[in-house]
Amino acid sequence: MTQEQAVAFLDYLGRIKNRSDKTVANYKFYLERFAEWLSGSSVKKIEKIKEKHILDYKTWLKKRKPRLSKETRNYHLIALRNFLKYLARNGANCLYYNKIKLFKTTKKPIEMVELSELASLLDAPLRLDSEKIIKLRDKAILEVLVSTGLKVSEIAQLEIDGFLSKSNSIVSYSKLGKRKLALSNQAAHGLSEYLALRADKLPYLFISHDKGTSSRTINKNQKGLSPRSIERIVKKYQQVAGIDKIITPNLLRHYYAKKLIMRGDHIDLIKQKLGNTADNSIDQYK
């Protein structure tokens, strides 16, 4: 591994992939650890690395003092995976990144939603013969859940003023304070479509439109959708999509966390985005 390769990769993370300074700094640290091992190995060059050498590197990590947890060792391996993936995309002939297997943790892995299941779930509201505003509301709820990892209690508290359409982001308030979260293009578009049909003056982002409710009959004291209502909406569209697996808002939150882990975000940043700095279960998403 040359210094030029590492510098180019770290620049790519910060400038192209828009990773935070902290994430880039952590990647730099993990790659320096790998370079330390590589300099003392029999191969010397990263292009010569084989699966058997990765096993040697994993043993080296395991024997380090002070002892590294399995989770920390996995962060070293995830950094190396992404580095190899970057090198391959830029023409280097090196070990395929998926050949690097992570350490198994003792915690039971969390069941994850598959991409095909997710696509069916997000498409499900448009397949029902219901009012357009309900279709758009429900699809927007699903899109926001998937693209932000918010808890149902936080979704229920979202307000229209917190939707920043120009920057494709949304502001959420919780016991940990204010958080500004990026939205996917689909989620931002879905929210814009839904809000364009709203004629009420309620501040809440998601409200009830069921049972013939219209802008004329909405009580000014009406609250937004309850967390339980949002849970029912997710369950409803799991069934509409014909997905055998039980899809819950929490499972969609796990999907979001897994996505951040696999793109290389640091654990502290992921916990911050999830709004729960004590969420040790994140280690299970790897």
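A single member of E71, E47 is surrounded by fewer than 17 Cβ atoms within 10 Å (Cβ to Cβ), part of a helix (DSSP H, G or I), modelled with pLDDT under 90 and not aromatic (F, W, Y), and it is E47. Among the residues making up the stretch 205-233, those that are modelled with pLDDT of 70 or more and not in a helix (DSSP H, G or I) are L205, F206, I207, S208, H209, G224, L225, S226.
Here K236 meets the list (1) part of a strand (DSSP E or B); (2) surrounded by fewer than 16 Cβ atoms within 10 Å (Cβ to Cβ); (3) modelled with pLDDT of 90 or more almost entirely, failing just condition (1).
Take K63 and tell me if it is closer than 15 Å to F83 by Cα, over 31 Å from the mean Cα position of the chain (by Cα) and charged (D, E, K, R). Let's see the steps before the verdict.
Values: closer than 15 Å to F83 by Cα: no; over 31 Å from the mean Cα position of the chain (by Cα): yes; charged (D, E, K, R): yes.
When the stated conditions are applied, K63 does not pass them.
Output the residues belonging to the stretch 50-68 that are hydrophobic (A, V, I, L, M, F, W, C) and either surrounded by 13 or more Cβ atoms within 10 Å (Cβ to Cβ) or assigned to a loop (DSSP other than H, G, I, E, B) (or both). Selection gives I54, W60, L61, L68.
Among the residues of the stretch 9-28, the one identified as surrounded by fewer than 16 Cβ atoms within 10 Å (Cβ to Cβ), at pLDDT 85 or above and more than 21 Å from A88 (Cα to Cα) is A25.
The residues in the stretch 131-190 that are within 19 Å of the chain's Cα centre (by Cα) and among the acidic types (D, E) can be counted, and the count is 2.
A quick yes/no check of all residues on (1) assigned by TED's automatic domain parsing to the domain that holds Q186; (2) in contact with a Lys or Arg (Cβ under 9 Å, 6 or more places away or on another chain); (3) aromatic (F, W, Y):
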| position | (1), (2), (3) |
| --- | --- |
| R89 | no, no, no |
| C94 | no, yes, no |
| A140 | yes, no, no |
| A156 | yes, yes, no |
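For the criterion of being assigned by TED's automatic domain parsing to the domain that holds L102, farther than 15 Å from F103 by Cα and among the aromatic types (F, W, Y), Y75 fails.
Consider L202 carefully, then state whether it is in a loop (DSSP other than H, G, I, E, B) and at pLDDT 80 or above. Walk me through how you get there before you give the answer.
Numbers: in a loop (DSSP other than H, G, I, E, B): yes; at pLDDT 80 or above: yes.
Judged against the criteria, L202 is a match.
Among the residues of the stretch 1-31, how many are in contact (Cβ under 8 Å) with a residue 24 or more places away in the chain and in contact with a helix residue (DSSP H, G or I) (Cβ under 7 Å, 6 or more places away or on another chain)? Counting residues in the stretch 1-31 that are in contact (Cβ under 8 Å) with a residue 24 or more places away in the chain and in contact with a helix residue (DSSP H, G or I) (Cβ under 7 Å, 6 or more places away or on another chain) gives 13.
Candidates in the stretch 162-175 are the residues that are outside any strand (DSSP E or B) and either over 21 Å from K259 (Cβ atoms) or not assigned by TED's automatic domain parsing to the domain that holds V144 (or both); of these, the one that is modelled with the lowest pLDDT is K175.
Which one is surrounded by the fewest Cβ atoms within 10 Å (Cβ to Cβ), of the residues in the stretch 176-199 that are in contact with a strand residue (DSSP E or B) (Cβ under 7 Å, 6 or more places away or on another chain) and outside any helix (DSSP H, G or I)? Only one residue fits best here, namely K178.
The values are calculated or read from the model by the stated rules, or taken from the named source; none is laboratory data. Here the structure is a predicted model, which is why all the values come from computation and not from measurement. Cβ atoms come from the backbone with ideal geometry, glycine included; neighbour counts cover every protein chain shown.
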